[in-house]
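I have placed the structure first, in the form of structure tokens, so that the comments after it can refer back to it.
The values are calculated or read from the model by the stated rules, or taken from the named source; none is laboratory data. Just so you know, these numbers come straight off a predicted model, no measurement behind them. All Cβ positions, even for glycine, are placed from backbone atoms using ideal geometry, and neighbour counts span all protein chains on display.
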Amino acid sequence: MSLAPSPAHQTDPSETFFKFLKGNVDFRRVWLIGIFSGVIRWLEFLAFGIYVFDLTGSAFLVTVFTLSRFVPFALFGVVTAALVDRFGHQNVLRYSLTMMVLSSSLLVVLATTGNLELWHVALASILSGFYWTTDFPARRNLIGFLAGPDLLARALSFDAASNTMTRAIGPLFGGLLMASLGISGILVLSLCLYLVALILALRLTTRNNPLQNVASGLFREILGGFRFARNRPDLLAAFAITVIFNLFGFPFTALIPVIGKLTLGLSPDGVGLVAASEGVGAMIGAILAGRASSVGHMWGNYIGGVSACLVGIIVMGSGQHIASVVPGIMLAGFGGGFFAATQVMIVYRLSPPDQRSRMLGILSICIGTAPIGFVILGYMSDLMGTSLSLILMGLEGLIAIALFWLFFRRAVRSSTN
């Protein structure tokens, strides 16, 4: 008689992961830091966009303020990754969250005393971008470290799906608070959430030892990461998809407040509901993407997600009423959710442990190309209107995907073997 366990008694992977989630307090803390940070990020994306548009009436300036969050990715993404290798994931999280608590406290004082100006909001957005550069090499890398190789895929997809949920929660509360309390209410909520995240970071007990000696050259470490990536076509392909998404896909989020107020004629809370539909679509996409069990499936989610996002942008730009605009936003979010759930996972899978922080730092640089897309889309919107500019941006992105497949199909196929 066979002594092999029957299917009924085999361990369910989902059950194993949720037991781990229940028992590992540090994982929950790191995960919650991502949730609170994500809510702040997307809440401010919408609220700052409405605030700037109300003061200036310019779609171009809205995109400029939004892109300021991405400038640090291009300039300091690999520097942050090198600092993570030197000082440890948890320390970088603590230092960066302390910076955000101080920044938010100053903004609250300025807003409540009536001294808040646009340049204050711009500077705060840049500082938020600095903090955002820590998410990939520090927080998400620590997620993978805590989960271990057996639970890696489920942990990263769970974190990504949770983070995309904040893309619905943030705009929803952002719209409601802007309608009732104005920009001051947004800033007070941001400060409270940053304080909670900092407390969680200070209570982390896991000691993830630095990979590099502090005495070693920082510049040498950064160059070493680029040399490694240069010889890995599969990683270059993963970075290329991120560039395409951030040039042609993600910038559409900056125009949601403009579309809501100008095209649809909605109030701030109505704009928040429309923006939340993007987050709902993204959450659904990220949950489905978490089912990927192989690198081949991940590549399908990665490339297919960006393509679906671009199609959604075209649909959104083609509509003039809620019934047609919202489905386009949801489809764009759905594709973006597939992309978001996969990009860290696939880079993590393709990188050896001693290179992961550096490769995630290079991924941050790729995300830092988003300002180019924001500037182009904002300029096009002021020149020819939001609808036509979105349609053209979506079409350009689909052409970029076709060119990507022409140049990188062999690298993608070889990485699945």
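Just need a number here: residues in region 283-320 that are of a type in the set (S, T, N, Q), surrounded by fewer than 18 Cβ atoms within 10 Å (Cβ to Cβ) and assigned to a helix (DSSP H, G or I). Residues in region 283-320 being of a type in the set (S, T, N, Q), surrounded by fewer than 18 Cβ atoms within 10 Å (Cβ to Cβ) and assigned to a helix (DSSP H, G or I): 1 in total.
Report yes if Phe65 is closer than 30 Å to Leu383 by Cβ and modelled with pLDDT under 85, otherwise no. Spelling it out, Phe65 is indeed closer than 30 Å to Leu383 by Cβ and modelled with pLDDT under 85. Quick check on my filter: what residues within region 100-118 are over 20 Å from the mean Cα position of the chain (by Cα) and closer than 17 Å to Arg139 by Cβ? Selection gives Val101 alone. Scanning region 348-381 for residues that are more than 20 Å from the chain's Cα centre (by Cα) and surrounded by fewer than 17 Cβ atoms within 10 Å (Cβ to Cβ) yields Pro352, Pro353, Asp354, Tyr379. From the residues in region 382-417 that are of a type in the set (S, T, N, Q) and outside any helix (DSSP H, G or I), which one is farthest from the chain's Cα centre (by Cα)? Ranking the qualifying residues of region 382-417, first place goes to Asn417. Residues in region 157-188 that are within 30 Å of Ala147 (Cα to Cα) and among the hydrophobic types (A, V, I, L, M, F, W, C) were compared, and the one that is modelled with the highest pLDDT is Phe158.
When Leu123, Leu110, Leu127 are checked against the criterion of being surrounded by 15 or more Cβ atoms within 10 Å (Cβ to Cβ), among the aliphatic types (A, V, I, L, M), in a helix (DSSP H, G or I) and touching an Asp or Glu at 6+ places or on another chain (Cβ under 9 Å), a single residue qualifies: Leu110. Condition (residue is of a type in the set (Ser, Thr, Tyr) and more than 22 Å from Tyr348 (Cα to Cα)) applied to region 116-125: is it met by at least one residue? The answer is yes, given that some residue of region 116-125 is of a type in the set (Ser, Thr, Tyr) and more than 22 Å from Tyr348 (Cα to Cα).
Might you check whether a residue that is modelled with pLDDT under 90 and surrounded by fewer than 16 Cβ atoms within 10 Å (Cβ to Cβ) occurs anywhere in region 189-200? Taking every residue of region 189-200 in turn, none turns out to be modelled with pLDDT under 90 and surrounded by fewer than 16 Cβ atoms within 10 Å (Cβ to Cβ).
Against the list (1) touching a residue at least 40 places away in the same chain (Cβ under 8 Å); (2) assigned to a helix (DSSP H, G or I), the condition Ala323 fails is (1).
The set of residues in region 402-417 being surrounded by fewer than 18 Cβ atoms within 10 Å (Cβ to Cβ) and not polar (S, T, N, Q) consists of Ala402, Leu403, Trp405, Leu406, Phe407, Arg409, Arg410, Ala411, Arg413.
Checked against (1) within 30 Å of Ser381 (Cα to Cα); (2) surrounded by fewer than 18 Cβ atoms within 10 Å (Cβ to Cβ); (3) of a type outside the set (Phe, Trp, Tyr), Ser105 passes all but condition (1).
Considering only residues in region 218-242 that are modelled with pLDDT of 90 or more and β-branched (Val, Ile, Thr), the one that is farthest from Ser357 (Cα to Cα) turns out to be Ile241.
Just checking, does region 81-98 include any residue being under 21 Å from Cys192 (Cα atoms), in contact (Cβ under 8 Å) with a residue 12 or more places away in the chain, basic (Lys, Arg) and crowded, with 24+ Cβ neighbours inside 10 Å? There is no residue in region 81-98 that is under 21 Å from Cys192 (Cα atoms), in contact (Cβ under 8 Å) with a residue 12 or more places away in the chain, basic (Lys, Arg) and crowded, with 24+ Cβ neighbours inside 10 Å. Being out of contact with any Leu (no Cβ under 9 Å at 6 or more places or on another chain), under 30 Å from Gly57 (Cα atoms) and not hydroxyl-bearing (Ser, Thr, Tyr) is a property that Gly319 has. Go through the residues of region 319-327 one by one and say whether even a single one is out of contact with any strand residue (DSSP E or B) (no Cβ under 8 Å at 6 or more places or on another chain), within 27 Å of Ala81 (Cβ to Cβ) and of a type in the set (A, V, I, L, M, F, W, C). No, region 319-327 contains no residue that is out of contact with any strand residue (DSSP E or B) (no Cβ under 8 Å at 6 or more places or on another chain), within 27 Å of Ala81 (Cβ to Cβ) and of a type in the set (A, V, I, L, M, F, W, C). The lone criterion from (1) surrounded by fewer than 22 Cβ atoms within 10 Å (Cβ to Cβ); (2) basic (Lys, Arg); (3) at pLDDT 85 or above left unmet by Arg139 is number (1).
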